[in-house]
1. Looking at segment 71-243, what % of its DSSP beta bridges pair antiparallel, to the nearest 5?
2. Search the structure for amide H atoms under 5 Å from the amide H of VAL205, placed 1.01 Å from N in the peptide plane, and list their residues when 5 or more places away or on another chain.
3. Once phi is turned into ³J(HN,Hα) by the Karplus curve 6.51 cos²θ - 1.76 cosθ + 1.60 with θ = phi - 60°, what whole-Hz value does each residue of segment 159-168 show in order, with x for glycine and proline?
4. Could you tell me, in Å, what Rg and Dmax come out for the Cα atoms of segment 71-243?
5. Using 11 Å as the cut-off for backbone N distance, which residues of segment 140-166 belong to the label zone defined by a point 7 Å from the Cα of ASP81 along Cα→Cβ?
6. Any idea what log10 I(q)/I(0) is at q = 0.21, 0.22 Å⁻¹ for segment 144-244, Debye with uniform C-alpha scatterers and no solvent?
7. Quick one: pull the percentage of alpha-carbon pairs in segment 70-123 with a separation above 13 Å.
8. What distance in nm separates the simple spin-label points at LYS197 and ASN101, each placed 7 Å from Cα in the Cβ direction?
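Each value in this text was obtained by applying a stated rule to the coordinates, not by laboratory testing. This is a predicted model, so every value here is computed, not measured. Because the Cβ atoms are built from the backbone with ideal geometry, glycine has one as well, and the counts that use them run over all protein chains shown.
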Amino acid sequence: MSDNRGNSRGNGRRSSQGSRKSPGNGRRSGKKKRQAGYRLANVNRGLVILIIIAVILGIYSCAVRGDREIVNVDASEPNIDVQLLDVNPYSRPGTQVNQINGIVVHYTANPGSTAQQNRDYFNGLKDSHETEASSNFIVGLDGEIIQCVPTWEMAYASNERNADTVSIECCHPDESGRFTDDTYRSLVQLTAWLCVKFNLTQDDVIRHYDVTGKDCPKYFVENPEEWEIFKENVGKAIEKSSAE
């Protein structure tokens, strides 16, 4: 009997020891689950942070570009102040062009100067003989547009492309060469109107830089993505007029 009780107690202790292993396994299993949970939580937090950063960058990008993404204009003829230059060899030679194949955008490289001042400078070259320079149009800081040379005549603006393009000079407030919103808006409409007038598309609009490699218009040369946005705006203005 005693042997049986001893064996029974002994078996009972072994059984008890074996049963005590289960809580240990449970603790390890719980710890692994908690660690996996921490890792999953960290991954989720990382994803949330990435999403927040993306949203912030998107908002910042829109804030920086302002309304340059979409300019609500069409390709109708803008208000143009016609002040043709006197015919002279230095700024308006009177040479007629046979066909217009492109529109060339320039900047004045004279920060703060107005459209009127630039027009008067071009006209004064007939007396000063300082250089040969002009443009068909000048867009001012407030969006005003002055025409200096008829579109069927050559202006001295775009080197070897003078004979088959219309040139547009744009005023700018500072050294960056970035146009004001008013200048930009008028430039989009004027360019779109000229494209319709001469049966061109936004792909026929180029920078002075594309002809000679000159840093003109500076802001569009140094920020080519802004140039592409500008051409997209011109295209949208053309499409808007076509749909009406």
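1. On the way: 5 of 19 bridges.
Roughly 25 percent of the DSSP beta bridges within segment 71-243 come out antiparallel.
2. ILE103
3. Result, rounded to whole Hz: 6, 5, 9, 4, 7, 9, 9, 10, 9, 10.
4. Computed over the Cα atoms of segment 71-243, radius of gyration and Dmax are 14.7, 48 Å.
5. 140-147
6. -1.28, -1.40
7. Values: 1090 of 1431 pairs.
For segment 70-123, the fraction of Cα-Cα distances above 13 Å is 76 percent.
8. 2.0
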